[in-house]
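Reviewing the structure listed below.
What follows is calculated from the coordinates using simple rules that are stated; it is not laboratory data. Computed from a predicted model, the values in this text were never measured in an experiment. When we count neighbours, we look across all protein chains shown, and the Cβ atoms used for this are built from the backbone with ideal geometry, even at glycine.
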Amino acid sequence: MVTMQRTAERQTLKGAVQVEGLSVVYRRKNYENRVLDSIQLSIQPGEFVCLLGPSGCGKSTLLNVIAGFLKPSAGYVLVDQMPISRPGADRGFVFQQYSLLPWKTTFQNIELGLKIRGVPKAERTERVHEYLNRVGLYKHRSSSYPHQLSGGMQQRASIIRALVNSPSVLLMDEPFAALDAQTRHMMQEMLLGIWDDLKTTVIFVTHDIEEAIFLGDRICTMGVHPGRIKSEIPIDLPRPRHFDDTLSKEFLALNRQVFNCIREETMKSMEESF
Amino acid sequence: MAVTVSKPVPTRWFGRIGDVLKTLFWGNRPFRRVLALMIFFGVWQFLCAINFDFFINFQLIPSPWEVLFATIDFVTSDPWIHFRSSIQRVFFGYLAASVLGIILGVLIGWFEAVEDLFLPPLELLRPIPAVAWIPLAILMFPNAESGMVYITFIGAFFPMLISTIRGVESTLSDTVLIRVGQCLGANSWHIFKDIVIPGSMPSIASGLTIGMGNAWFCLVTAEILAGRYGVGYITWESYVTSNYPPIVMGMLLIGLMGALSSWAVGRATNALMPWRVINKQGGG
């Protein structure tokens, strides 16, 4: 019943992503590398999709094309029926590296998108404070430069820096990969909490199977040589999810299923590197 | 349940004195710096005292004492006109070099067309030493004063220009920083103002510091050109008249003013970059 309600809600929301026949090919003299080969992907508004695969499968490349950082060799991406040609604030991006601007305070970093858009000062401050509160960074708002924040705090700030602009889609490129396990679990739960409130579409790249199952509505596993989507696995675990759920029988069964699915590709990518 | 308690080791009196000495002297950075100067002058005095002559000859080199007496003579006989002339020349040369070097450097770093149009002739002029400019400075400028300012300008301009260009280019090469701006909806003006300029600040600051040193570096050259006043002029004039202690005094005064002004520039630029923390090995 809850799921149906959610589905109904989503139809009126923004953030539909359509990837059509997308290929990215790097050509050198007499050698070509098909990083992505005819990717077909359709994402519902408000859906949380995880792109999972071994390194070299092109999952980050796909995310960079959706962000508009890279031009595809063939095919196109539609976000809410509009073709993507360049980066924009409608697609928020969270990088794997700590990417806050070192010369701006936490507040100024988060405010930047709104400032660029010309939102008046009072409204900016209110919105930024609301988001800072939501992720527990309020007391670090103006006194701290990024280097004074821990890795987890910096990534929280990066997430709200993207979300404060109300993007249609939030693109996340292994955002928790550099954090320690404990912090990573807390960040995952926090992300799900925010996503549940905002219902923003999320495309989340990871190579961590547990992370993908814990977060996603759906996992797209990707294969190598050429990079392509190999299978789509729906994750029907109930929400809200908690870290304890990762020990449930259903979770473990899914873990095994996804593992088997990407195992072959991982072997392939390992053989390539020897 | 056995609990081992480490007994307090009785501190010996000399150990304590060692600690006191350590905190008062070795742990004290101003002390270490003064010590460095004392060693420098001490070694110099020693080499003069023993008439050191082994490949390098110190027999005719004025000792620190002789230089000190020359300095006392100099400062008691109305030195301000000399200081003022020199400081003025360096200041105007440096100011022009900073403004032009930074503006041109930013434009060359940011716009490909500006790079193509301006950089080749500048690269051609860059290796030319300031002293080689003296004849042209005399021919080009309406008076000696502006010619001298031009010579100090030449010294300061190129380090400033190159550091600024490199700073802008290295910020532009940081893909993540630029992408951060792009996916927040920044146009190229925003990226320029909010990312490229602050990102190249450390590099511009080092250009400003090096440029300050180089402006002083060129002072003697500038004051060879003409004039009656100036610390560099005194140095050159004493050489011509074979009066050695004032030469070394002039050198040291230029060194001192250069060091002080570079230090001031360093402090000022650090104040502009409060986000930077510098932790050195062995630092507190």
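Quick notes on this one:
- Pairwise centroid distance, computed over Cα atoms, of segment B:53-95 with segment B:116-151, Å: 26 Å
- Modelled this way, with points 7 Å down the Cα-to-C-beta line, the labels at residue B:51 and residue A:181 are 7.8 nm from one another.
- Given A:59/B:280; A:59/B:193; A:121/B:280; A:71/A:230, the pairs whose alpha carbons are separated by over 30 Å: A:59/B:280; A:59/B:193; A:121/B:280
- For residue B:119 and residue A:236, a Förster radius of 56 Å and the Cβ-Cβ distance give a FRET efficiency of 0.35, rounded to the nearest 0.05.
- Calculated mean residue ellipticity, 222 nm, the protein assembly as shown: -18000 deg cm²/dmol, from DSSP H runs (n ≥ 4) at -39500 (n - 2.57) each, averaged per residue and rounded to 500.
- Eligible lysines near residue A:139 by straight Cα distance, threshold 19 Å, same-chain separation 8 or greater: A:104
- DSSP beta bridges in the protein assembly as shown [antiparallel fraction, %, rounded to 5]: 55 percent
- Anisotropy class of chain B from Cα gyration tensor, a/c 1.5 cut: oblate
- Spin-label model distance (nm) - residue A:257 vs residue A:147, 7 Å beyond Cα toward Cβ: 4.9 nm
- Sites residue A:18 and residue A:55, calculated FRET efficiency, Cβ-Cβ separation with R0 22 Å, nearest 0.05: 0.25
- Calculated P(r) of chain A - Cα pairs past 23 Å, %: 54 percent
- Amide N proximity, segment B:13-27 versus residue B:43 label position 7 Å along Cα-to-Cβ, cut-off under 12 Å: none
- Rounded if a/c under 1.5, otherwise prolate or oblate - segment A:1-129, Cα gyration tensor axes: oblate
- Gain on full stretching of the segment that runs from residue A:250 to residue A:125 - 0.36 nm per residue minus C-alpha separation: 40.6 nm
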